[in-house]
Every structure is written in structure tokens, then in C-alpha cells.
Amino acid sequence: MTVPELVTRLEEWLAVSYRASIFEDDSGILAYALYREEKDHLYLRQFFVQRHRRKRGIGRQCMKMLSSEIWPKDKRVTVDVLCRNHAGIAFWRAVGFTDYCLTLERLPETP
């Protein structure tokens with residue numbers, strides 16, 4: 001996808017059903033979270049920390065703020081992580097998430 005296509009997609013998500021939390025300091029934007037509240041849970045669609053700011057505890061701090069100040073405390077939170085994203089899986093487990101389900105896929109055969 002091109003950057004303009006990504007912008008359009010994000011604008012549509014925010015207009016329809018998602019909310020965003022943006023985290024910044026004096027240097028600018030550090031991270032953002034894009035999520036929507038469902039009847040029985042909160043679904044975290046995207047969580048992004050600026051690449052050059054990773055491994056400094058910023059993601060942990062942002063998740064702590066989301067959990068304690070922004071998200072409802074009576075709802076479970078779900079997030080999807082690609083199976084091969086080992087660093088992502090380690091991060092989510094480190095901030096308190098546990099395995100919930102595994103989605104499998106079968107790709108179409110190529111000619």
C-alpha cells in the first residue's frame with residue numbers, strides 16, 4: 001500500500017469504529033495505539049512505537065497508561081500478533097498478555 005492509501009484506510013477506521021491514543025514527549029510522537037471497544041472486549045488493532053525509540057520501556061509505559069487511564073478496567077483486551085513476530089510475541093507476554101487462540105491458514109496453490 002502507498003502512504004496515501006494507508007492514510008485513507010486509517011481515516012476510515014477512525015471515522016467508523018476505532019479510536020486512537022497518541023503518545024508523545026518534547027521530541028514528538030513516540031507511539032500510538034488504534035483500538036475499538038466491542039461488547040465483551042477491547043480489540044487492539046495496531047500498537048506502534050517509533051523504531052528508533054524501541055527497547056527503552058516506552059511500549060511498556062504506553063500499555064500501562066492505556067490499561068490504567070484510558071481503557072475500561074472491566075473488559076479483556078485482545079491483540080493479534082503474527083506467529084513469526086517473535087519480538088512482538090515476547091513484548092505482549094511481557095506486558096501481561098497470554099495466549100488465547102491460534103489462527104491457521106492454508107495458502108492457495110501457485111501454478
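No lab work stands behind these numbers, since they all come straight from the coordinates. Since the structure is predicted, the reported quantities are computational estimates derived from the model, not experimental observations. No Cβ is skipped: glycine too gets one built from the backbone with ideal geometry, and neighbour counts run over all protein chains shown.
Some notes on this structure:
- Across the chain, the longest run free of exposed loop sites, meaning GluC sites (Glu not before Pro) lying outside DSSP classes H, G, I, E and B with no more than 12 other Cβ atoms within 10 Å, spans 39-104.
- Spin-label pair R60-C83: with each label point 7 Å from Cα along the Cα-Cβ axis, the two points sit 3.0 nm from one another.
- Positive end of the dipole of the chain (Cβ unit charges, origin at the Cα centre): among P108, L34, V81, the Cα lying farthest that way belongs to V81.
- Arranged from fewest to most other beta-carbon atoms within 10 Å of their beta carbon, C101, C62 become C101, C62.
- Between R60, R19, R93, the residue with the greatest mean-square fluctuation in the GNM of the chain (Cα pairs under 10 Å linked by springs) is R93.
- Cα-based reach from K55 at 19 Å (exclusive), listing lysines while leaving out same-chain residues under 8 positions away: K64
- Here the spin labels are modelled as points 7 Å beyond Cα on the Cα-Cβ line, and at T98 and K73 they lie 2.1 nm apart.
- Value of relative contact order over the chain, rounded to a whole percent, pairs C-alpha under 8 Å and six or more apart: 17
- Electrostatic tally near E12: other residues with Cβ closer than 14 Å to its Cβ, Lys and Arg +1, Asp and Glu -1, net +2.
- Cβ-based net charge around F91, under 12 Å, with every Lys or Arg adding one and every Asp or Glu removing one: +4
- Isotropically averaged projected area of the chain, using the convex hull of Cα atoms (one quarter of hull area), nm²: 9.7
- Taking every DSSP helix (H) stretch of at least 4 residues in the chain, weighting each as -39,500 (n - 2.57) and dividing the sum by the residue count yields a mean residue ellipticity at 222 nm of -8500 deg cm²/dmol.
- Electrostatic tally near K64: other residues with Cβ closer than 15 Å to its Cβ, Lys and Arg +1, Asp and Glu -1, net +2.
- Within the chain: Cβ-based charge dipole about Cα centre, in debye rounded to nearest 20 (Lys, Arg +1; Asp, Glu -1): 480
- Between V7 and R106, the simple spin-label model (points 7 angstrom out along Cα→Cβ) gives 4.2 nm.
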